[in-house]
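Take a look at the structure set out below.
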Amino acid sequence: MSAMKLLSDALRKAAAVFSLLVVLIAALLYHFEDPNPTKYDSMAEDMKNLEENFRQQNKSCFILGASGETGKLLLREVLERNIFSRVTLIGRRKLTFEEDKYKNLVQEVVDFEKLDDYAAAFQGHDVGYCCLGTTRAKVGAAGFVRVDHDYVLKSAELAKSGGSTQFHLESSRGADKNSSFLYLKVKGQVEAEITALGFSRFAIYRPGVLLVDRQESRPAEWLARKFFSAVSALGSNSMSIPIQTVVKAMVSNTLLQPEKKTEILENKDIISLGKSEEQ
């Protein structure tokens, strides 16, 4: 038997095993869906009215992490829906844009190690969006804590003292300040500490695996996204979510009036809200 024939047979067997694994995992995840997800379908028809009413209030916002995958799409969504009179990016470097829709952006370049020196950049905004984050693989454990906890918390503190009434934080599914896993523990800790700041409204988004083709992608991340995309196609939406759905949910949720000052949107809540805006 030729080498090509052996390789072909091996690939077919691997594909069959992968397909079976996806089906089994999907069936398992069915029993672990987010409990009692919030229903947003009924408000879809009112979204245009909500946008117009919000637009008339001439509110401003800032976005942290606009150079990342979520922040980049969030910025585009905010500008396309045109609900803010002023949009400011706060980051460590100035970003370059070619399209006309970006021409009125305000950009504040800050040193995150000395954020107190840049308090003025956080003043005068009604709404703050935070998509700031890194990975332990890139910067190590200490660097991860510094970015995902220290930078995020200090930014929230400056936003609160600068007059922001809303703060929207991209967190992670499974965030828990008591977790034994560093990633989930740090996410949970910063959620709790920002809650204690007392924003008039604090929205926490806990998406699962983000389905997006990153510009910098490792083989393991690529395989994980393909796996969860296949699981999602089989009907389970408890573990993954398209990144476009996350940003649509964040912007749409800005327009709503929640029952509580602090709200946590789990993966299925984000999907429900994000998809309702598309209808």
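Output the number of the condition that residue 275 fails; it satisfies all remaining conditions of (1) more than 25 Å from residue 80 (Cα to Cα); (2) modelled with pLDDT under 90.
Exception for residue 275: condition (1).
I'm trying to understand the selection: among the residues of segment 82-105, which are over 15 Å from residue 72 (Cα atoms) and under 22 Å from the mean Cα position of the chain (by Cα)?
82, 83, 84, 86
Within segment 191-199, is even one residue at pLDDT 95 or above and aromatic (Phe, Trp, Tyr)?
yes
Considering every residue within segment 131-153, establish whether at least one is touching a strand residue (DSSP E or B) at 6+ places or on another chain (Cβ under 7 Å) and part of a helix (DSSP H, G or I).
Yes - at least one qualifying residue is present in segment 131-153.
Looking at segment 123-139, which of the residues that are of a type in the set (S, T, N, Q) and in contact (Cβ under 8 Å) with a residue 12 or more places away in the chain is nearest to residue 163 (Cα to Cα)?
Here the answer is 123.
Only residues that are farther than 16 Å from residue 191 by Cβ and either out of contact with any helix residue (DSSP H, G or I) (no Cβ under 9 Å at 6 or more places or on another chain) or open to solvent by 10 Å² or more (accessible area, probe 1.4 Å) (or both): list them for segment 256-279, please.
Selection gives 256, 257, 259, 268, 271, 272, 275, 277, 278, 279.
Is at least one residue of segment 87-104 of a type in the set (Ser, Thr, Tyr), open to solvent by less than 20 Å² (accessible area, probe 1.4 Å) and modelled with pLDDT of 95 or more?
Within segment 87-104, one or more residues are of a type in the set (Ser, Thr, Tyr), open to solvent by less than 20 Å² (accessible area, probe 1.4 Å) and modelled with pLDDT of 95 or more.
Buried (at least 16 other Cβ atoms within 10 Å of the Cβ), under 21 Å from residue 199 (Cβ atoms) and of a type in the set (Ser, Thr, Tyr): is that true of residue 134 in this structure?
The answer is no for residue 134.
Is it the case that some residue within segment 91-102 is of a type outside the set (Gly, Ala, Ser) and within 18 Å of residue 167 (Cα to Cα)?
Within segment 91-102, none of the residues are of a type outside the set (Gly, Ala, Ser) and within 18 Å of residue 167 (Cα to Cα).
Does segment 62-75 include one or more residues that are in contact (Cβ under 8 Å) with a residue 24 or more places away in the chain, closer than 26 Å to residue 50 by Cα and open to solvent by 70 Å² or more (accessible area, probe 1.4 Å)?
No, that holds for no residue.
Give the residues of segment 123-155 that are of a type in the set (A, V, I, L, M) and farther than 13 Å from residue 65 by Cβ, sorted by residue number.
Correct list: 127, 137, 139, 141, 142, 145, 153.
Look at segment 165-199 and say how many of its residues are assigned to a strand (DSSP E or B), among the acidic types (Asp, Glu) and touching a Lys or Arg at 6+ places or on another chain (Cβ under 8 Å).
Here the count works out to 0.
The values are calculated or read from the model by the stated rules, or taken from the named source; none is laboratory data. Predicted model only: the values in this text are computed from it and were never measured. Note: ideal-geometry Cβ built from the backbone for every residue, glycine included; neighbour counts use all protein chains shown. Each accessible area value is taken on the protein alone, full model and side chains, heavy atoms only, with ligands, DNA and RNA left out. Shrake-Rupley method; radii C 1.70, N 1.55, O 1.52, S 1.80 Å.
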